[in-house]
Amino acid sequence: MRDTNYAYCVARVRAAESKMLSEDDFSRLKGFKNTFEAIRFLKEKGWTSSDKDNIREVISFEKENLWKLLNESVPDKNELGVLCTLNDFFNIKAAVKCLLTDTPFENYIMMPTTLDVALLKDNLLKRDFYAAFKDKGETAEKAYNTAVKSESGQSTEIIIDRAAIDYMARYGENIDDKVTSKVCSFISDTSNIKIALRCVLTGKDESFINEAIGLCRSLSREKLVASAIKGKDELYAYLDTTAYKDGAKLFEKSFSDFEKWCDERLIEIASESRYTSFSFSPVCCYYYKKLTEIKNVNMILSIISAFSESVERQGEADV
Amino acid sequence: MNNLGLFFAILGAAFAAGFAGIGSARGVGIAGEAGAGLLTEKPELFGKVLILQILPGTQGLYGFIVALLLLNRIGLIGGTPAMLTWSQGLTFFAAAMPMAIAGYFSAVYQGRVAASAVSMIAKDSSQTAKGMTLSALVETYAVLALLVSILAVFNIAV
């Protein structure tokens, strides 16, 4: 495909980027006393044109809008697949659990996804994982069979997480777009680091660690596995020699700090596309920026909601 | 074979108008696609986008001018074509080449710069003048090629 085919999509994404919330907007948002005022402010900022009034609806509507914009703009829809890879694998996890517990799957679908949601239910009932999850069908089938045989949720999760990491790493290796490739590498590498650190903290054995850690791009898988087997200090010592040393230090303090670092670093990497006018990377960058914005707004609205409820309760108690 | 000179001269005119025109069509197309993307989100910027989209269109016009002058010089427009030797015809062909080649490439690249400028004003519409200047700089080489082609066409002895 000619790179100039991205002219429409990049211009549209840049225009949408200029409408994102600024730091001042976030400061104002934090100052609202109740969610009603906060949502009204978001509407003024063009966040949603609908009449959604509760947090969950506002957030999901904004996510839908984001996905709609990308779907309308990108010349090759297949490229969007990489942005929902993690959701697709999450949906496999949810599907396997729902099948085992006879729970309706529809309520647990994570959007956006490349899966055909309309056909998913029928295909799952027939246990036709290849029809339901296409190129990820093998993983779904393996995870389901493991879950049935071993009745171990953890083994099932390892299979799916490992497949997701390998998928991202391979995608990053094969894609021509440099920034998107870096983004995929970062996601697969940080996921591996999280798994390694959790394995160390929970004292997992060698075979478990070997099974759980997937393909790495800018890390050495062998060294990561070997250091995780040896223990926490060795793992931190190894990570200290990599590009992820700042993140690893934060993990020692708290997991949420590490997650925040990952989000910020991901946007930093994706923002390398800011001088590009003809490639997929500005789309990838906008997607992660907007997703982070939505995540932050969700967090602020939830805090405002909890705070206003506690104030109301306190008021009632005082009365 | 007697009209080989005339054939080459007309071929030169066709190349000047044709290639510069194709380049302009591509350039305007690229800038237009970017413009459409921006206008979907910010329709109020139509005026600014239109100027950026027009810029790569000038090469097609230059090619057309060179073709007209060349056809006029060989008398085709007046209805009495000159009897040209094949070397004269080839000389006219060569005279048209700067406009054909530089016209095509400068229009495509100008289209790319214009599309990037559209992306730039998508984020900050106060940068329109800078975007136009960047796009207009690519035009310089099309203008130089136009001058060379015109000077050559006028100075070939018929």
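The values are calculated or read from the model by the stated rules, or taken from the named source; none is laboratory data. Keep in mind that this is a model prediction, so the values were computed, not measured. In this analysis, Cβ positions are derived from the backbone assuming ideal geometry, glycine residues included, and neighbour counts consider all displayed protein chains.
Structure data summary
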read-out: Odd one out for B:P81 among (1) at pLDDT 95 or above; (2) more than 14 Å from chain A (Cβ to nearest Cβ); value: (1)
read-out: Criterion: within 14 Å of chain A (Cβ to nearest Cβ) and either in contact with a Leu (Cβ under 8 Å, 6 or more places away or on another chain) or over 21 Å from B:G23 (Cβ atoms) (or both) - qualifying residue of B:F46, B:F154; value: B:F46
read-out: Helices (runs of 4 or more DSSP H) contained in segment A:145-242 and holding at least 3 residues in the same structural domain as A:Y130 (by TED's automatic domain parsing) and at pLDDT below 90; value: A:153-174
read-out: Residue in segment B:75-83 that is touching a helix residue (DSSP H, G or I) at 6+ places or on another chain (Cβ under 8 Å) and crowded, with 21+ Cβ neighbours inside 10 Å present; value: no
read-out: Sole residue being of a type in the set (A, V, I, L, M), touching a residue at least 60 places away in the same chain (Cβ under 8 Å) and not assigned by TED's automatic domain parsing to the domain that holds A:S188, chosen from A:L70, A:L120; value: A:L70
read-out: Those helices (runs of 4 or more DSSP H) lying entirely in segment A:1-87 with at least 2 residues away from chain B (no Cβ under 14 Å) and more than 24 Å from the chain's Cα centre (by Cα); value: A:23-30, A:35-44
read-out: Qualifying residue in segment B:18-30 (condition: closer than 22 Å to B:L146 by Cβ, assigned to a helix (DSSP H, G or I), within 13 Å of the chain's Cα centre (by Cα) and among the charged types (D, E, K, R)); value: yes
read-out: Qualifying residue in segment B:121-131 (condition: in contact (Cβ under 8 Å) with a residue 40 or more places away in the chain, more than 14 Å from chain A (Cβ to nearest Cβ), out of contact with any Asp or Glu (no Cβ under 6 Å at 6 or more places or on another chain) and surrounded by fewer than 24 Cβ atoms within 10 Å (Cβ to Cβ)); value: no
